[in-house]
Amino acid sequence: MTRAPISIALSVALAMSLAAAGGAQAGGSGLDEPDNADVGTPFFGVVKDLDNGGRAIADAKVTASLKGGNTSFVMRADAQGHFKFTGFAKEVDPNTVEITCAVDGYKLERTVRRKLSNDPGAPVEVDCLMAKQQAASPPK
């Protein structure tokens, strides 16, 4: 298989897995869900305001996309700034999943990724660290 059909096949598998699992869930039921041998790596985290002591930002737009692919999934962080993407196909390499966040009035400074263990399919924590954007000065 060439790279394009593999990417398409993984994207379709990812979409089908998300649909079968009820879609991506913001603030899902936690990491203690029963193991499912057909499901790959879950991603979870918090959207944080760097300018306000790391306070969580509610209702942020969170996007999970496959690097080099044309597939992405979008959800909103919950009221505590938490998000969780579950149901990735186990064939999806977690290193190819990119998480980004967007909030009006903020810019994404960086994301911090932590894999909770070296076990295959172990959850990956991704925190989006946001900073308030300075209002643009009117032209003189």
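The values are calculated or read from the model by the stated rules, or taken from the named source; none is laboratory data. Note that this is a predicted model, so its numbers are computed, not measured. Positions of Cβ are generated from backbone atoms using ideal geometry, with glycine treated the same way; all protein chains shown enter the neighbour counts.
Listing for the model above:
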item: Residue check, VAL74 outside any loop (DSSP other than H, G, I, E, B), of a type in the set (A, V, I, L, M, F, W, C) and without any contact (Cβ under 8 Å) to a residue 24 or more places away in the chain; result: yes
item: Output for region 103-123, where each listed residue is at pLDDT 95 or above, farther than 17 Å from PHE83 by Cα and among the charged types (D, E, K, R); result: ASP104, LYS107, GLU109
item: Residue identified as modelled with pLDDT under 50 and surrounded by 12 or more Cβ atoms within 10 Å (Cβ to Cβ) among SER7, SER29; result: SER7
item: Any hit, region 107-129, residues being closer than 22 Å to ALA58 by Cβ, outside any strand (DSSP E or B) and without any contact (Cβ under 8 Å) to a residue 24 or more places away in the chain; result: no
item: Flag if ALA60 is modelled with pLDDT of 95 or more and in contact with a Cys (Cβ under 7 Å, 6 or more places away or on another chain); result: yes
